[in-house]
Structure formats: C-alpha cells, structure tokens
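Here's the structure we're looking at; comments come further down.
The values are calculated or read from the model by the stated rules, or taken from the named source; none is laboratory data. Just so we're clear, the structure is a prediction, and the values are computed from it rather than from any experiment. In this analysis, Cβ positions are derived from the backbone assuming ideal geometry, glycine residues included, and neighbour counts consider all displayed protein chains. Ligands, DNA and RNA are excluded from the accessible area calculation, which covers all protein heavy atoms including side chains. Shrake-Rupley method; radii C 1.70, N 1.55, O 1.52, S 1.80 Å.
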Amino acid sequence: MYDELVANTPLWLYAENRDLVDQMPKVISDAEDQIINLIDHYLFQQVVEIAFVDKGTRDIDLSQHRILELRAMRVLYRNGGMTPLERRDLEALSMLFASNRSGRPRFYAQFGGIDTMRLFPTPSEDITIEITANIEPPRLGPSQQSNIISDRFPRVIERATLRQAAVFMKNAEDEQRYEAEMQAAILEANSAIGRMRRDETGTRPIETINASGQ
C-alpha cells in the first residue's frame, strides 16, 4: 500500500507541486502519527514473550517492541506455571503469591525507564517473562508496504494521508474535507474494533455502555 500512497496521493489532489512528491514519505509518517493517537489501541494487542532475565539482574528490556500500553505481565518461576502480576497503579505492577506458596519470592515490577521494567526482588535464576501489550505496528515504508492498519482499515490511512498532503499543500478546503472523511473512517474502524473486543473478551468498552449498564 505504501507505494500506492506515494504514487496516487498527488494525483488524487491534482497536485502540480513537485515538492509534494518528494515529501510523501514524511506526509505518510505524519499521517500515521495522527492515526496512532486516534485509533483504538486494542487493535494492536499482542501476547509476546519478552525475555529471559539473566540470574542476578533485574532489568527487563522492552525496547524490541514499541509498547503503547502494557496491559498484563506474567512470570514463569521455577517451572511453577505462569503467575500474573496484577496492576497496582499506572507506574507499577505487583504480584503476590498465595499464602500456601511459601518459599517463593513476592515479585513486583515497575518501570525503570521508557523501555525497561525492573523486577523485584532480583531473580535468583533465569525466569521467563510474558507480556500482553498494545504494540505499535511497524511503520509503512519502501520495505514495509503494509501493516495491520492498512490491511484492516485501508480507508483510515488513505484519508489521513490525503489530509496531511492537503496540509502540506496549504489547501484549506481539501484539508477540511479529508479531515472529516478521516474522522468518519476512524469512527467506523473504532466501532469495528469495539465489536472485536466484545467478541473476544465478552465485555464492551466502557464508553459504549449506556446508562442502564447494557
């Protein structure tokens, strides 16, 4: 889809300005920046095994993924099965073992930086970390022709790219037109993602629950 956007956007806008052709990579990147802020991040939710934590260290490297939100975390310790860390607040996750599981450390984790979680206490052996997170998809480019947004909701990226191109061209009329079309496409996409969440989890987004709780 990337090459199609680069080739077709100037034609759709009847742009005679050669600068727009040259600026299309940035136009598409700026469009993706806007989409990420507006689309329901549930679309990007994945369960991934992040790392083995080396014995004697506590830092869990998250930099291999561009994490938008960390939703859940589980630790496999001494082959005792995956045990979840429950969210305590926005800055920390905590896990307390049941009282009948004596001898096991009470692990918790907190952010040690943008791309690092710190696990406490320091593990005494290698352990497996699994996270559920909303992970930003790879950006479109010459070697990345599509991603989950362009595959599932191509109109969103098309309208956002047209809007951003109109901004570059300083065409206020086209900007307003494509802004409205982009917002309509995002609303449609978010409704579809909300239905997907309901089907997969059995719950509805809180913003869709009406006054009677239905």
Exercise for the section: Pop a pseudo-label 7 angstrom from the Cα along the beta-carbon direction at both Asp151 and Ser29 and give the gap in nm to one decimal. Expected result: 2.4 nm
Practice task
Work out how much length Gln144 to Asn171 would gain on full extension: take 0.36 nm times their residue separation and subtract the Cα-Cα distance, in nm to one decimal.
Solution key: 6.8 nm
Practice task
With a probe of 1.4 Å, find how much accessible area region 117-176 has per residue, and write the answer as a whole number in Å².
Solution key: 45 Å²
Exercise for the section: State whether region 97-199 is rounded, prolate or oblate according to the following rule on the C-alpha gyration tensor (a ≥ b ≥ c being the square roots of its eigenvalues): a/c under 1.5 gives rounded; otherwise a/b larger than b/c gives prolate, and the remaining case gives oblate. Expected result: prolate
Completion exercise
Full extension between Val21 and His65 adds, at 0.36 nm per residue less the Cα distance, a length in nm of 12.7 nm
